[in-house]
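Below: the structure, in structure tokens.
The values are calculated or read from the model by the stated rules, or taken from the named source; none is laboratory data. Only a predicted model underlies this, so the values are computations on that prediction, with no experimental measurement involved. Cβ coordinates were reconstructed from backbone atoms using ideal geometry, including for glycine residues, and neighbour counts include every protein chain displayed.
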Amino acid sequence: MSLDGEIILQLNNVESSYGPVKAIRGVSLKVHQGSIVTVLGANGAGKSTILKTISGIIDPQKGSVVYHGEPIQKKDPAWIVRQGIAHVPEGREIFPLLTVRENLLMGAYTRPLGEKAAVEQEIEQVYGYFPILRERANQPAGQLSGGQQQMLAISRALLAKPTIMLLDEPSLGLSPKLTREIFEIIVRINRERGVTLLVVEQNARVALKYADFGYVLEVGRIVMEDPCAVLREKEDIKEFYLGIKESGVRGTRRWKKKKTWR
Amino acid sequence: MLQFLQLIASGIAQGCIYGLIALGFVLIYKATETINFAQGDLMMLGGFLGLTGTLALGLPFWAAFAAALVAMLFFGMALERAVLRPLLGQPAFTVVMVTIGIGYLARGLVTMIPEWGTDTHVLPVPYKDDIVSIGGTDGLILSMEHIVIIAVTALLIVGLYLLFKHTKIGIAMQATSQNQLAAFYMGIPVRRINMLVWGLSAAISACAGLLLAPITFVHANMGFIGLKAFPAAVVGGFGSIPGALVGGLIIGVVETLAGFYLPEGFKDIAAYIVVLVMLAVKPNGLFGENLRKKV
């Protein structure tokens with residue numbers, strides 16, 4: 001839908017590495033205000049690295065990350081959170097021994113004490129999205145199921161009052177049904193609260209269904225970018241991400257030629 | 001029977017001291033996954049600071065007590081900032097060796113300070129030699145030193161409970177110790193929190209030293225009591241705050257009873273026997289965490 005909003009986040013030719021291993025090699029992408037952007041890619045393509053670079057956990061070697069017109073690369077992660085960029089990490093990364101409520105309060109850590117009442121109110125709102133969290137509010141978060149932990153991780157990021165939320169594989173380890181439910185709520189959050197979303201996914205079917213714009217990442221490079229409606233119809237995407245193979249000799253030959261895609 | 005109760009009471013008081021030092025071990029272990037072997041020496045420094053506060057500066061005892069705690073809080077934070085933070089990312093062994101080194105250094109430097117030196121000192125306390133008898137003159141007799149130890153420890157525990165349960169910074173300390181990476185993602189200043197944990201741990205140890213001083217004496221080697229606080233932390237299940245205190249109490253009581261009922265020499269090894277039994281029966285300790293991180 002909203003690809004006409006202003007560009008709030010832009011990556012220009014970003015290169016990041018873990019020691020000698022280059023994880024992303026010159027990635028450029030744009031995120032428009034109010035949109036849902038997805039980055040698709042296989043294991044090890046560098047999806048998480050993009051998000052970690054944006055949120056300041058990894059410093060890029062080259063290139064710039066521009067947020068609201070200002071470069072933010074190599075800044076302190078805490079500072080970046082305060083600017084309105086919240087990260088929902090891969091594998092949820094909740095605090096297992098803190099209660100659900102305490103986890104949510106930690107999401108609001110960067111907010112000043114004066115906003116205490118507002119934070120309480122937002123916790124209630126978040127419980128509205130995920131009622132199960134209200135029921136479990138005083139249980140240690142480690143006792144939640146995987147899906148509930150994912151809900152908690154999203155809620156926790158929401159409490160930082162983000163302008164843009166970075167989601168790292170929200171579907172990881174979840175059933176197709178639960179994945180759909182989570183994505184539907186993510187979309188609701190985007191529509192109702194105007195939070196811009198950058199979602200990194202392996203599950204192309206779901207991501208392309210809900211996102212507005214998509215990038216395809218392969219071994220650290222962006223190889224394709226288009227609105228999701230266009231991407232969904234592309235032959236390569238159909239074959240290698242959605243698993244729809246063209247029948248007949250021609251399809252098989254194509255498939256063999258592009259085997260490196262997975 | 002009265003004899004027995006009497007021993008239990010003084011065992012509990014002794015156990016509180018072990019518990020407090022063990023608490024210092026546990027806090028640092030939980031936050032940074034390293035063991036601070038200088039914990040006992042931080043306690044000793046606390047004792048000396050209290051001594052300086054009362055004798056050299058002429059402060060009233062409780063004012064000196066508070067001042068020593070605050071001073072040790074800052075000392076602990078400075079220690080983390082200056083010595084331990086540069087070692088971030090080094091193997092745990094490196095950090096352990098450094099803390100042992102800090103301990104040696106502290107013991108050595110203290111003897112070089114005039115007025116402190118190698119002597120044993122008496123920390124003058126207002127409640128020295130007071131006793132409280134429960135149940136008439138031939139009832140249970142508690143010395144005021146023991147009562148103060150138990151009362152201050154209890155107050156400290158309540159304070160820590162409130163800190164960890166009801167303040168943002170306290171919850172953030174727990175969060176950081178449970179999942180450091182996630183704490184970074186939440187914008188929690190992890191390094192500053194670790195510094196604060198070191199400060200808190202040093203202050204708690206200093207508190208133990210100041211409470212212990214009226215019973216023993218203040219001297220450069222009083223920190224070796226840390227060797228018995230370590231088993232207390234292990235018995236409680238290293239990494240558990242209530243465990244550290246319960247472990248301390250167990251070791252304190254067992255040691256006191258062993259000192260009275262068993263042949264000479266057993267008092268000093270009682271703590272280690274308790275640890276060996278514990279490790280054989282329940283290797284995770286009393287309050288050891290069984291909750292594994294879900295992947």
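Computed quantities for the displayed model
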{"read-out": "The stretch B:266-295: number of residues that are at pLDDT 85 or above and at positive phi", "value": "0"}
{"read-out": "Condition broken by A:Ser48, with the remaining ones in (1) away from chain B (no Cβ under 11 Å); (2) surrounded by fewer than 21 Cβ atoms within 10 Å (Cβ to Cβ); (3) in a helix (DSSP H, G or I); (4) touching a residue at least 12 places away in the same chain (Cβ under 8 Å) satisfied", "value": "(2)"}
{"read-out": "Sole exception among (1) more than 9 Å from chain B (Cβ to nearest Cβ); (2) under 22 Å from A:Tyr18 (Cα atoms); (3) over 16 Å from the mean Cα position of the chain (by Cα) for A:Ala78, by number", "value": "(1)"}
{"read-out": "Selection from the stretch A:219-233 of residues that are of a type in the set (Lys, Arg) and surrounded by fewer than 17 Cβ atoms within 10 Å (Cβ to Cβ)", "value": "A:Arg221"}
{"read-out": "Hey, B:Ile225 in contact (Cβ under 8 Å) with a residue 40 or more places away in the chain and either at negative phi or of a type in the set (Gly, Ala, Ser) (or both) or not", "value": "yes"}
{"read-out": "Residue under evaluation B:Leu163, criteria (1) more than 14 Å from chain A (Cβ to nearest Cβ); (2) in a helix (DSSP H, G or I); (3) not acidic (Asp, Glu), criterion not met", "value": "(1)"}
{"read-out": "Any hit, the stretch B:242-251, residues being surrounded by fewer than 23 Cβ atoms within 10 Å (Cβ to Cβ), at pLDDT below 90, within 14 Å of another protein chain (Cβ to nearest Cβ) and under 23 Å from B:Val274 (Cα atoms)", "value": "yes"}
{"read-out": "Test: B:Ala56 is out of contact with any Gly (no Cβ under 6 Å at 6 or more places or on another chain) and at pLDDT below 90", "value": "yes"}
{"read-out": "Pairs with Cβ under 6 Å, 6+ apart, first in the stretch B:29-53 and more than 24 Å from B:Trp116 (Cα to Cα), second surrounded by fewer than 24 Cβ atoms within 10 Å (Cβ to Cβ) and among the charged types (D, E, K, R)", "value": "none"}
{"read-out": "Some residue of the stretch B:190-207 being surrounded by fewer than 24 Cβ atoms within 10 Å (Cβ to Cβ), within 14 Å of another protein chain (Cβ to nearest Cβ), in contact (Cβ under 8 Å) with a residue 40 or more places away in the chain and farther than 22 Å from B:Gly101 by Cα", "value": "yes"}
{"read-out": "Residue in the stretch B:32-51 that is charged (D, E, K, R), at pLDDT below 95, under 19 Å from the mean Cα position of the chain (by Cα) and closer than 19 Å to B:Thr111 by Cα present", "value": "yes"}
{"read-out": "Which listed residue, of B:Gly237, B:Gly187, is within 14 Å of another protein chain (Cβ to nearest Cβ), at positive phi and in contact with a Gly (Cβ under 6 Å, 6 or more places away or on another chain)", "value": "B:Gly237"}
{"read-out": "Test: residue in the stretch A:24-37 that is in contact with a Pro (Cβ under 9 Å, 6 or more places away or on another chain) and surrounded by 24 or more Cβ atoms within 10 Å (Cβ to Cβ)", "value": "yes"}
{"read-out": "B:Gly135 vs. criteria without any contact (Cβ under 8 Å) to a residue 12 or more places away in the chain and among the small types (Gly, Ala, Ser)", "value": "yes"}
{"read-out": "Conditions (1) in contact with a Ser or Thr (Cβ under 9 Å, 6 or more places away or on another chain); (2) under 24 Å from A:Glu233 (Cα atoms); (3) surrounded by fewer than 18 Cβ atoms within 10 Å (Cβ to Cβ); number of the one not met by A:Gly194", "value": "(2)"}
{"read-out": "The stretch B:110-146, residues that are hydrophobic (A, V, I, L, M, F, W, C) and either within 21 Å of the chain's Cα centre (by Cα) or more than 18 Å from B:Leu51 (Cα to Cα) (or both)", "value": "B:Val110, B:Val122, B:Leu123, B:Val125, B:Ile131, B:Val132, B:Ile134, B:Leu140, B:Ile141, B:Leu142, B:Met144"}
{"read-out": "Selected residue (only one of A:Ile72, A:Ile85 is surrounded by 24 or more Cβ atoms within 10 Å (Cβ to Cβ) and either of a type in the set (A, V, I, L, M, F, W, C) or more than 28 Å from B:Gly239 (Cα to Cα) (or both))", "value": "A:Ile85"}
{"read-out": "Residue within the stretch A:56-66 that is within 12 Å of another protein chain (Cβ to nearest Cβ), more than 16 Å from A:Ile182 (Cβ to Cβ) and surrounded by 23 or more Cβ atoms within 10 Å (Cβ to Cβ) present", "value": "yes"}
{"read-out": "Any hit, the stretch B:146-159, residues being at positive phi and free of Cβ contacts under 8 Å to residues at least 12 places away in the same chain", "value": "no"}
{"read-out": "Condition met for A:Ile94 (surrounded by fewer than 23 Cβ atoms within 10 Å (Cβ to Cβ) and part of a loop (DSSP other than H, G, I, E, B))", "value": "no"}
{"read-out": "Sole residue being surrounded by 21 or more Cβ atoms within 10 Å (Cβ to Cβ), assigned to a helix (DSSP H, G or I), within 10 Å of another protein chain (Cβ to nearest Cβ) and out of contact with any helix residue (DSSP H, G or I) (no Cβ under 6 Å at 6 or more places or on another chain), chosen from B:Ala182, B:Ala175", "value": "B:Ala182"}
{"read-out": "Conditions (1) touching a residue at least 12 places away in the same chain (Cβ under 8 Å); (2) farther than 15 Å from B:Ala202 by Cβ; (3) not acidic (Asp, Glu); number of the one not met by B:Gly76", "value": "(2)"}
{"read-out": "Selection from the stretch A:135-145 of residues that are within 11 Å of chain B (Cβ to nearest Cβ) and in contact with a Ser or Thr (Cβ under 9 Å, 6 or more places away or on another chain)", "value": "A:Pro140, A:Ala141"}
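Residues checked against (1) within 23 Å of A:Ile50 (Cβ to Cβ); (2) in contact (Cβ under 8 Å) with a residue 40 or more places away in the chain; (3) part of a helix (DSSP H, G or I):
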| site | (1), (2), (3) |
| --- | --- |
| A:Val81 | yes, yes, yes |
| A:Ala86 | yes, yes, no |
| A:Arg101 | no, no, yes |
| A:Thr110 | yes, yes, no |
| A:Lys116 | no, no, yes |
| A:Ile123 | no, no, yes |
| A:Tyr127 | no, no, yes |
| A:Ile132 | no, no, yes |
| A:Gly147 | no, no, yes |
